[in-house]
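A.B. asks: For reference, the structure I am asking about is given below.
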Amino acid sequence: MSETSGFLGRPDGERLAWRRVAGDGPTVVWLGGYRSDMTGTKAQAIADWAAGAGRAFLRFDYFGHGASSGDFVRGTITRWREDALAVLDELIEGPVMLVGSSMGGWIACLAAMVRAERLAGLVLVAPAPDFTDKLIEPSLPPEAVAAIRDQGVWLEPSQYGEPNPITRELLEDGARWSILPGPVPIETSVRILQGGEDPDVPWRHALELAQALNSADVVFTLIKDGDHRLSREADIARLIAGVAELCG
């Protein structure tokens, strides 16, 4: 089944790009990572699975990401959480299953905490809750701390080309949405995939989230040689298996 696509208008005039596969519910919703977009390997793999299995699936780009409008440097956890909730409330009816990767794992948890009545489950890949104050801030070099203090932004060098802007607003806003050490009031079934060799999200950080969740049905899978992306064929197979299981 082919995907349809469109844009969801936001009150401030910005637009969120989305793609949808029609099918049976619950609707699987992809929540991507920081500076990622909905065309990545894992999102595409779930779209292909959904099309073949007759399952409903929706993926989108946050403000300032991918095909959506907006200046990335103005993005915050508050903004991206609002984007996710707008997608759930305005584009989807009925139960949802959230699949969050990296930052998307944090956004998925924040959305799950206020839309619990619609949740069919969570699948989290290298989830990075609180990454702004617990992972980024402690690792900032002195020149970054000075730039953020004096100019409001530090342009972190990136191996992928354009530097990564880290703003004071992002860090301060992120701290307001901290969910660790918990408890995290999520009762639904949760599946977590985490790489043991992840350089961005230490496996102990993801395990702390698993232990903080109120849910009694949490399965934490440590892929010992896995990286942050977890996009190898075997990793994708584990991801799809978790999604299929919670879809019932």
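FYI, it's all coordinate maths here, none of it is from the lab. Quick caveat: nothing in here was measured; it's all calculated off a predicted structure. Here Cβ is always computed from backbone atoms with ideal geometry, including for glycine, and neighbour counts include all displayed protein chains.
A.B. asks: For the chain, what value does the Rg/Rh ratio take when both radii are computed over Cα atoms and Rh is the Kirkwood radius, given to two decimals?
C.D. replies: Looking at the chain, the ratio lands at 0.95.
A.B. asks: With θ taken as phi - 60° and the coefficients 6.51, -1.76 and 1.60, list the Karplus ³J(HN,Hα) couplings across the range 38-48 in order, rounded to whole Hz; mark glycine and proline as x.
C.D. replies: Rounded to whole hertz, the list is 7, 9, x, 4, 5, 4, 5, 5, 5, 4, 5.
A.B. asks: Write out the GluC sites (Glu not before Pro) in the range 185-248 meeting two conditions: DSSP loop, and at most 14 other Cβ atoms within 10 Å of their Cβ.
C.D. replies: Taking the range 185-248 and a limit of 14 other Cβ atoms within 10 Å, the loop GluC sites (Glu not before Pro) found are Glu187, Glu197.
A.B. asks: Using the Karplus equation 6.51 cos²θ - 1.76 cosθ + 1.60 (θ = phi - 60°), what ³J(HN,Hα) coupling, rounded to whole Hz, does each residue of the range 3-14 give in order, writing x for Gly and Pro?
C.D. replies: Result, rounded to whole Hz: 8, 9, 9, x, 10, 9, x, 10, x, 8, x, 6.
A.B. asks: Here is a further query. Please give, to one decimal in nm, the separation of the simple spin-label points placed at Thr78 and Glu233, each 7 Å out from Cα toward the Cβ.
C.D. replies: So the label points at Thr78 and Glu233 sit 4.7 nm apart.
A.B. asks: Right, another one. Ala86 versus Asn164, label points 7 Å from Cα toward the beta carbon: distance in nm?
C.D. replies: Each label point lies 7 Å from its Cα, and together they span 2.5 nm.
A.B. asks: Could you quote the convex hull projected area for the range 131-176, Cα atoms only and averaged over all directions, in nm²?
C.D. replies: 3.2
A.B. asks: With Cβ to Cβ distances under 10 Å as the rule, what net charge do the other residues near Arg118 carry (K, R +1; D, E -1)?
C.D. replies: Here the charged neighbours net out to -2.
A.B. asks: A follow-up question, please. Among Leu222, Leu170, Leu155, whose mean-square fluctuation peaks in a Gaussian network model of the chain (Cα, cutoff 10 Å)?
C.D. replies: Leu155
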